[in-house]
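Undergrad: Encoded as structure tokens, here's the structure I'll be asking about.
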Amino acid sequence: MKTIKSLFLLLCASTLSMAQQPTATPVKISPRPTRAHRVLKRSVSETPNSAPKISSDFFVGEARIDVTKDETVVRLAMAQHGSILIELPANDGPRYIIPGDPEMATVDEKALERNKRAIVVRPGTQFVPPQHNVKARNPAATVTAQMRSGLVVTFLFYPVEDLAQNVHRCVLNYNRDEVVARRRAAGLPVNLDDKEQGGEKPTAQSAAAPTSMEVEKPKETRTEPQAPDSPSTSEVKAKEIKDGRVGPTDNKSDVVASLRNALETAAKKPKQFKNWTHSIHGLKLAILEEPDSGKPFRVLTVAVRNTTSTALKLVADGPELCVETVDDKGATVNVHSITKTHTEVSNTSGDIAAGKTAYFAIAYVPQTLDVHQRVKILVAQTNAADQPASLKLATSAR
């Protein structure tokens, strides 16, 4: 009987305990469980057209350099199987190229002959990247180039393993007029493409032996009898005078007489100078050009007036004559100098007193101009050599 009561009490206690527990909320199961989308983040190295910069000491990938001084050093990365195209301003180009060890880096002369506004450098057989355990990076090759303006740029090439780090294109940005002004102020030669400054064609030089671009015909070949169909000496000389490569030296007395007559006329009749330019750093310009007389030279008289209250000193070898080429919008795309045959000046000291006018009579070979070309006169004073006063010659209707 006691056993039965004990079982009855145990059963009642179990029933009461189950009644006090909360009812569990039923779980609703979706027939199609939703999947979470994974967002993949692209690493920096996966960005197209970009190469990681492995060092702040030299350029990789692409380089754009603003050249603000004459002795510029440009550091570029180059891979063993790559090449570097160095682009220059449209109005300048290499005059001399001095490569280093040809087993380390070479200059493509054939490319230079086709495009005189760019330099192509290729690695040599010994141009290899350093070992992985070497932390310091040093240049392995060098190429020095002097432009026709006179600017000197030294390129240092650093070997790298990854071809993507190779500087495929290097652009040099500078103003040729500013380079010429700085070198003139320092007494250095400028406009090396002129006849009197050392030649006309770009040249590549090597320490081992002269390259094909340096080879000239022996002088004795000029004295050999000419072939019947070859141009005569007089025809060659006439063509050189027409192209402006040499001056009409046989008519030097005629040139000097014409220039001195132009100076005397300018001093006696100063009011004939009209259409003065605006004052640029104290200088105003006006010109008179003689009509075409059929002579192999043209005479141009330039009046330079000092508009300041103090004396000004002009830059030596001025005024400068050049041919300016512009595009359809009038923007300058190229400038090259014109060789002056002879110059006569009213004041040889180069100083212009306050409010006074100096006269320059210039003889030059007439130029054959394109539609977008004009002859331009530049005159600068020593305190503003980089910003000369300028004036363009009037042209007849085209």
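The values are calculated or read from the model by the stated rules, or taken from the named source; none is laboratory data. Keep in mind that this is a model prediction, so the values were computed, not measured. Don't worry about glycine lacking a Cβ; one is built from the backbone with ideal geometry, like all the others, and counts go over all protein chains shown.
Undergrad: Which condition does Thr348 not pass, out of (1) more than 27 Å from Asp92 (Cβ to Cβ); (2) in contact with a strand residue (DSSP E or B) (Cβ under 9 Å, 6 or more places away or on another chain); (3) assigned to a loop (DSSP other than H, G, I, E, B), if it passes all the others?
TA: Result: Thr348 passes all but (2).
Undergrad: Give region 119-149 a look and list any residue that's within 19 Å of Glu87 (Cβ to Cβ) and part of a loop (DSSP other than H, G, I, E, B), or say none.
TA: Arg148, Ser149
Undergrad: If you check Val107 against the conditions, is it surrounded by 15 or more Cβ atoms within 10 Å (Cβ to Cβ), assigned by TED's automatic domain parsing to the domain that holds Glu178, at pLDDT 85 or above and in contact with a Leu (Cβ under 9 Å, 6 or more places away or on another chain)? First the steps, then the outcome.
TA: Numbers: surrounded by 15 or more Cβ atoms within 10 Å (Cβ to Cβ): yes; assigned by TED's automatic domain parsing to the domain that holds Glu178: yes; at pLDDT 85 or above: yes; in contact with a Leu (Cβ under 9 Å, 6 or more places away or on another chain): no.
No.
Undergrad: Could you figure out which of (1) of a type outside the set (Ser, Thr, Tyr); (2) in contact (Cβ under 8 Å) with a residue 60 or more places away in the chain; (3) surrounded by fewer than 19 Cβ atoms within 10 Å (Cβ to Cβ); (4) part of a strand (DSSP E or B) isn't true of Arg374?
TA: Arg374 satisfies all of (1) of a type outside the set (Ser, Thr, Tyr); (2) in contact (Cβ under 8 Å) with a residue 60 or more places away in the chain; (3) surrounded by fewer than 19 Cβ atoms within 10 Å (Cβ to Cβ); (4) part of a strand (DSSP E or B) except (2).
Undergrad: Here's a follow-up. Filter region 59-95 down to residues that are at pLDDT below 85 and of a type outside the set (Lys, Arg), then give me how many there are.
TA: Count: 4.
Undergrad: Return the residues of region 180-204 that are crowded, with 18+ Cβ neighbours inside 10 Å and either in contact with a Pro (Cβ under 8 Å, 6 or more places away or on another chain) or modelled with pLDDT of 90 or more (or both); say none if nothing qualifies.
TA: Scanning region 180-204 gives Ala181, Arg183, Pro202, Ala204.
Undergrad: Also, I was wondering about something else. Being of a type in the set (S, T, N, Q) and assigned by TED's automatic domain parsing to the domain that holds Ile119 is the filter; apply it to region 55-83 and report the residue that is nearest to Cys170 (Cα to Cα).
TA: Ser83
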